[in-house]
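The values are calculated or read from the model by the stated rules, or taken from the named source; none is laboratory data. Worth saying up front: this structure is predicted, and the values here are computed from it rather than measured. Heads up, the Cβs are rebuilt from the backbone with ideal geometry, glycines too, and the neighbour counts pull from every protein chain shown. Please note that ligands, DNA and RNA were not included when accessible areas were found on the heavy atoms of the full protein model with its side chains. Shrake-Rupley method; radii C 1.70, N 1.55, O 1.52, S 1.80 Å.
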Amino acid sequence: MTEPFNTWQARFERLRSNKIFEMIVIAIIVVSALVIGARTYDEVSRFEQWLGYLDIGVTLFFLVEILIRMAAERKFIDFFKKGWNVFDFLIVTASLIPMDESEMVLLARLLRIFRVLRLVSMIPELQMLLAALVKSIPRMGYVALLMFIIFYIYAAIGSFLFHTVDEQLWGNIALAMLTLFQVATFESWATAVLYPTMEQFPYAWIYFLTFIFLNAFVFLNMMIGIVLDVMQKESAALEREHGEGEEVELQALRHDVGELKAQLDRMEKVLTGRANAEPPSAHQAEASVDKPAPK
């Protein structure tokens, strides 16, 4: 019973690691995303039935694919030890919610949108980028806090100095922070904010340029530096993981070769022992009797 199970498990494991199978899964994920996008157009309402059939087909494919990945594990519980496997399982399970009931249609469609995120679980490079982004958030939070402090200080100064220019832009500190956010994003800030302010305060450009220098150059580059640093560490960890995986596979292969060689040696000894233990045949016995003894 164990040997047939191991055989099927090995087949499923080879299928799961097959590049063609992975490309097919990625293609189906893209098709699923296109189906979701097509449902947002009124022009495709006449194809609603066909889109429904296609959605059912995609859901069944994802169900079969997740079952294959489960069957490829040596132990069933090992499948749920990886976070991305749990994520895929939840997404596929949520996709099984029927869309026939009117109360569940919106929920089912919203859950099907997240099937696009399965691209991240299928592509290791995307996993690395997402992991780097998540791990960068705590360090980026301190930079964001420092940015907020600078925003607050400059907004207070701008509200005190420029409230006579335009009450809608500098009337209070909240409006001033929104104005500074517009300046930081360079959204029509010169014509809408800078020039009207400089008409009454000619040296206002010092205020704006120092603010832009701090936010657009210093803090933005700090954010980029944090993300790049974490990405570099994640890339190195991924390379080490791949190297360790290849080393484990090589050791397993060496172990299998050693066991096979040991079995062949035992078989050779058994066959040699049997050949030495066999009695001479009748023809060999007669030949030995007729043969004169050496003088």
Practice task
Identify the residue in segment 68-82 that is within 17 Å of Thr93 (Cα to Cα) and in contact with a Phe, Trp or Tyr (Cβ under 9 Å, 6 or more places away or on another chain) and, among all such residues, is least open to solvent (accessible area, probe 1.4 Å).
Solution key: Phe79
Practice task
Could you name every one of the helices (runs of 4 or more DSSP H) located completely within segment 160-207 that has at least 2 residues being touching a helix residue (DSSP H, G or I) at 6+ places or on another chain (Cβ under 6 Å) and either buried (at least 18 other Cβ atoms within 10 Å of the Cβ) or not hydrophobic (A, V, I, L, M, F, W, C) (or both)?
Solution key: 167-170, 173-184
Exercise for the section: Return yes when Phe79 is assigned to a helix (DSSP H, G or I), modelled with pLDDT of 85 or more, out of contact with any Cys (no Cβ under 6 Å at 6 or more places or on another chain) and of a type in the set (Phe, Trp, Tyr) and no when it is not. Expected result: no
Handout entry: Residue ID - modelled with the highest pLDDT, chosen from residues in segment 91-113 that are farther than 13 Å from Val58 by Cβ and in contact with a Leu (Cβ under 7 Å, 6 or more places away or on another chain)
Key = Ala94
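Suppose the filter is at pLDDT 85 or above and either surrounded by fewer than 16 Cβ atoms within 10 Å (Cβ to Cβ) or outside any helix (DSSP H, G or I) (or both); does Leu146 pass it?
Values: at pLDDT 85 or above: yes; either surrounded by fewer than 16 Cβ atoms within 10 Å (Cβ to Cβ) or outside any helix (DSSP H, G or I) (or both): yes.
Against the criterion (at pLDDT 85 or above and either surrounded by fewer than 16 Cβ atoms within 10 Å (Cβ to Cβ) or outside any helix (DSSP H, G or I) (or both)), Leu146 qualifies.
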Handout entry: Met140 being open to solvent by less than 70 Å² (accessible area, probe 1.4 Å), modelled with pLDDT under 90, on the phi < 0 side of the Ramachandran plot and part of a helix (DSSP H, G or I)
Key = yes
